[in-house]
Every structure is written in C-alpha cells, then in structure tokens.
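Reading through the structure tokens given below for one structure.
Laboratory data are not the source of any read-out in this text; all were calculated from the coordinates shown. Since the structure is predicted, the reported quantities are computational estimates derived from the model, not experimental observations. Every residue, glycine as well, gets a Cβ built from its backbone with ideal geometry; the counts of neighbours run over all protein chains shown.
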Amino acid sequence: CKKEEPKNNNGSDSQPEKIEIISRNLDIVVYDDGTLTDYWNGVIAAFEAANAGVTVNATMGKNAAYDLRDMILGGSSPDFVYLPSTEESGVTDALIKDRAMLSLNDVAESVSGLVLNGTFDNTFCKPYDDGKIYIAPLFFEQEGLIYNKKLLNENGFSVPKTWDEFISLAEACEDKSFSAFTYAGREPDEFVNMFAAALAPAVGTEKLNALLNCDKEAWTDNEQVKAFAEKLDAIKKLVVSGSSTKTKDDVTESLKNGEALFISGSAADLKELLEDENADYGFAAYPALSGESTSVAAFSEMYIPIEAKNADLAKDFIKFLYSSEAAAVAAQTAGKLPPVANAAELVQQNDIGKAEKEAYSAAGTAVVAPKFIVKAADNETLSDEFCALAVSIFKGDVAPDEFASKMVEYIEENY
C-alpha cells in the first residue's frame, strides 16, 4: 500500500517550515598586545557559528583603550569590552570610578557551575559597596610564592600550606646560609594578596570582602587580622636583612643568588625566571591561617558599558567565554585560561608553558581577587596604608595588636 504523505492544515502537501534568522550585530572592543589575536579570532568565529545571524564587529589592538574612549565620547558605545586595568591608559579604572558599567549578576549566576569558587564573589568584581557584580574576569594569573626547588629539596623542606608551617620553616633556616623569605619593602603591594590568602579560608569570603570594603566594624578588634599581624611579626628576624629597602628586582636577585628560599610573585614572574635553562623554581599558594589554601589571582577585566545597545547579546558573549569550547581555544592559542573549574585538566591536555603549568597546578578549587575598595570620586584606596603597616611590622615599628586599630584610624580619616 502507498504511504500517505503528511498534509498541512489546508490539505496540501506539507513543506519544511522556514526558520527566520534574525540578524544581530555585537560591537566589541578588545585589547590585544599581539599575543591574543588568534584567541579572539577563534572565540569570535565559534560564537558566530553557535548563534545564527550574529555578526561580531571587533575593534582590536594595542590602542583599544583610546578607541573605546573615542566611541564613548562620540555616543557610539560598544556592547562589550575587554581591557585590563593594568593597561597604561587608565580607561577601565576611570569607568569603574564613574560607575559606567552594567551589573553582571545574572551572568555570574548563569555560569556559576563553570567557574572556580569565588570567581565573582570578591571586591575586584564588586568594586562598590552595593554588592553587585560589574566586572567579569577573563584570564587569571596566579599570585603566590616562588621558591628555589633545589634549596628546598636539598634541605628536606616541604612547601608550607599554613602560616605555622611557614614560620617553622623560617626558623629552620636560621642556621643556614640563606633566609626563608624576602620582600620588596619599596613596592609592598604583595601584602594585600598575602593577607587575603591567609584570611579567606579562616573567615570566609563575606568577612574578607567587608575588610577590603573598609567596613570599620569589620576591622575593629578583629582577632584574625591580629593573628595575621602576629605571623608577620614572628618571621621579622628571619627574613633577608634590608628587605624593607628592596625593590621587586632586588628581591628576584635574592632568589637567584640563593639568598632567599621564597619570594612573592606571579606566573609571569616565574616565566621570566625559567628562561634560564638551568633554573629550577617552583610555585606555591600563599599560606593560610587555617584550612585549605585559597588561590590568589590577578584578573583581567571584561565588562559591558552602561550605554551598550545590545547588552543581552553581550552577556551571552561573556557566558560563552567561560564555556569549555572557549576555554580550550584560550589554552591552545594564548597559553592562559579563564578561571574555569576544569583549569587544571586543561593545563594537562594542552601545550602550556612550564611556568603556567607550575602556577595552574598550584590552583585550588577556590580563588580570590583581593582589592581595596576605591574611595568615592577618587582613585585612592587604603592599599598603600595597609602595605606600609605590614612593612612597619617587619621593621618593628608597629606591634601586631596595633595593626587593626591603625587601619580603623585610616578608615575613619578617609571614609
């Protein structure tokens, strides 16, 4: 028997239903110093392929900040921006200060299962006291301790995970020809990262954010802050002599010549050190006061300008950049990763440099990006005062039990 063909409601032979594809444009501005061209071309092509009708118009290059500024001043704001605040123009910091970005709370909620714990729950992504997310991190770079593997192994030492372990190691170095640690007293910004890593597992993200948001009550009589100051005080006689006058270059030299076992640094710093084929350095997370180590990361910013015309599509683009497909493109083309939950797995699957593998392997399941809140209508934060106090403890000018009270004084004066 003959099979009857399906008919439409009018009784005629049915035709395949036509799907109307709506054309949409996404205008983006992305900073590229020459190392991210293949990455951006790759993720743009993949996003367009996954979203029929979408065309991404990219303004890309080293001068992206100035292009962005001209667009905004000319009334033609892009929909999406990738522009790290470390770039020299200061445009991103200016937009943060002017509150000229859209909230990304819905984006963070949507990708929560794809990223490392704490990726969005920090003062880097929440630059104001309203608790909302305005910054989405694209790439993350580990911050922590760089150490001399040869010295560590020859002396039978282990990488310290807690401050008590770090102090014990420092004391064990007293009769050695080297010290456990040195720091850059002239450029002491590392102490904010060290502080966040120490406290995050002990007090939790919410209380850490309160401290970084300059909440006076959070600092008042804070036992965990005092405990951190006591740990610094405990090793002040065990660091390389003259550390308070050192620059970061000086500190690196101390590591190279075997004068110090540990220094603070980043994956980028480790990469430079490993350019010497004979060098053997490792990377470790900063020690915690208690509990599991929390990774400290420097993030590069992406965001949606407040005058974006296609904000919803821009949010879809940000979500896509955290997908497995986009993260794989990042690993393959840029040798770096977004803060995705499977970062350690991607490192092993892709040809990523030795320094990056060391750093990403040290990453835990939680990450924090510490940053003191920006003073309203100003570029000032309490970061400088905080770091100066840390140096003062090492120098013996400030007692541990004075640390928190002096921060309260600074807050009262400035906020």
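Work out, in µm²/s and without decimals, the Stokes-Einstein translational diffusion coefficient of segment 116-177 at 20 °C, 1.002 mPa s, Rh from Kirkwood over C-alpha pairs.
Answer, rounded: 142 µm²/s.
How big is segment 189-295 on each of its three principal axes, counting only the C-alpha atoms and giving the largest first in Å?
49, 26, 22
So which of LYS207/LYS395; LYS207/LYS231; LYS248/LYS319; LYS149/LYS271; LYS309/LYS371 end up more than 25 Å apart by C-alpha?
LYS207/LYS395; LYS248/LYS319; LYS309/LYS371
So what is the relative contact order of the chain, in percent, for Cα pairs below 8 Å that sit 6 or more residues apart?
26
Report the antiparallel proportion of the DSSP beta bridges in the chain as a percent, rounded to a multiple of 5.
Expressed as a percentage, antiparallel bridges in the chain total about 55.
Taking θ as phi - 60°, what are the ³J(HN,Hα) couplings along segment 133-138 by the Karplus curve (6.51, -1.76, 1.60), each to the nearest whole Hz, with x for Gly and Pro?
8, 10, 10, 10, x, 8
For segment 30-75 and segment 384-415, write down the distance between their C-alpha centroids in whole Å.
43
Taking just the C-alpha trace of segment 248-398, give me its Rg and Dmax in Å.
For segment 248-398, the Cα-based Rg and Dmax read 19.0, 56 Å.
Taking the Cα atoms only, what angle lies between the long axis of helix 223-234 and the longest principal axis of the chain, rounded to 10 degrees?
50
Given the rule -39500 (n - 2.57) for each run of at least 4 DSSP H residues, summed and divided by the residues of the chain, what is its mean residue ellipticity at 222 nm, to the nearest 500 deg cm²/dmol?
-11500 deg cm²/dmol
Would you compute the Debye intensity of the chain from its alpha-carbon atoms alone, equal scatterers and no solvent, and pass along log10 I(q)/I(0) at q = 0.12 Å⁻¹ to two decimals?
-1.00
Could you give each residue of segment 75-89 its phi-based ³J(HN,Hα) in whole Hz, using Karplus coefficients 6.51, -1.76, 1.60 with θ = phi - 60°, and x for Gly or Pro?
Those phi angles translate into x, 10, 4, x, 8, 8, 9, 10, 8, x, 5, 6, 5, 5, 5 Hz.
Between GLN332 and ASP129, take the C-beta separation as r, use R0 = 45 Å, and let me know the FRET efficiency to the nearest 0.05.
0.70
What does the extension gain come out to for ASP221 and ALA52, with contour length at 0.36 nm per residue minus their alpha carbon separation?
In short, 55.1 nm is gained.
Using alpha carbons only, how many angstrom separate the centre of segment 77-99 from the centre of segment 330-373?
Taking the Cα centre of segment 330-373 as reference, the centre of segment 77-99 is 24 Å away.
Mind listing the phi-derived Karplus ³J(HN,Hα) values for segment 324-329, rounded to whole Hz, using 6.51, -1.76 and 1.60 with θ = phi - 60°, and x for any glycine or proline?
Listing the rounded values in order: 4, 5, 5, 5, 5, 4 Hz.
Which residue fluctuates most in the GNM of the chain (Cα springs below 10 Å): PRO339, PRO370, PRO201?
Maximum among the listed residues: PRO201.
Quick one: which residues, 5 or more positions from PHE139 or on another chain, have an amide H under 5 Å from its amide H? H modelled 1.01 Å from N in the peptide plane, none for Pro or chain starts.
Distant-sequence amide H within range of PHE139: SER300.
At a Förster radius of 22 Å, what calculated FRET efficiency corresponds to the Cβ-Cβ distance of GLU187 and THR365, to the nearest 0.05?
Result of the calculation: an efficiency of 0.10.
Peptides 92-100, 254-262: what's the order by average Cβ count within 10 Å, highest mean first?
Per-residue mean Cβ counts within 10 Å order the peptides as 254-262, 92-100.
If each of GLU154 and ASP397 carries a label point 7 Å out from its Cα toward its Cβ, how far apart are those two points in nm?
3.6
Connecting C-alpha atoms closer than 10 Å in a GNM of the chain, tell me which of ALA330, ALA136, ALA46 has the biggest fluctuation.
Of the options given, ALA46 has the highest mean-square fluctuation.
Want the number for LYS236 to ASP106: 0.36 nm per residue separation, take away the alpha-carbon distance, what's left?
So the chain would gain 42.3 nm between LYS236 and ASP106.
Largest first, please: the extent of the C-alpha atoms of segment 22-154 along each principal axis, to the nearest Å.
So the three principal-axis extents are 64, 36, 33 Å.
Could you pull out every residue, at least 5 positions away or on a different chain, whose amide H is within less than 5 Å of the one on THR162? Hs are placed 1.01 Å off N in the peptide plane, and Pro or chain starts have none.
ALA288
Per residue and in Å³, how big is the convex hull formed by the alpha-carbon atoms of segment 328-376?
109
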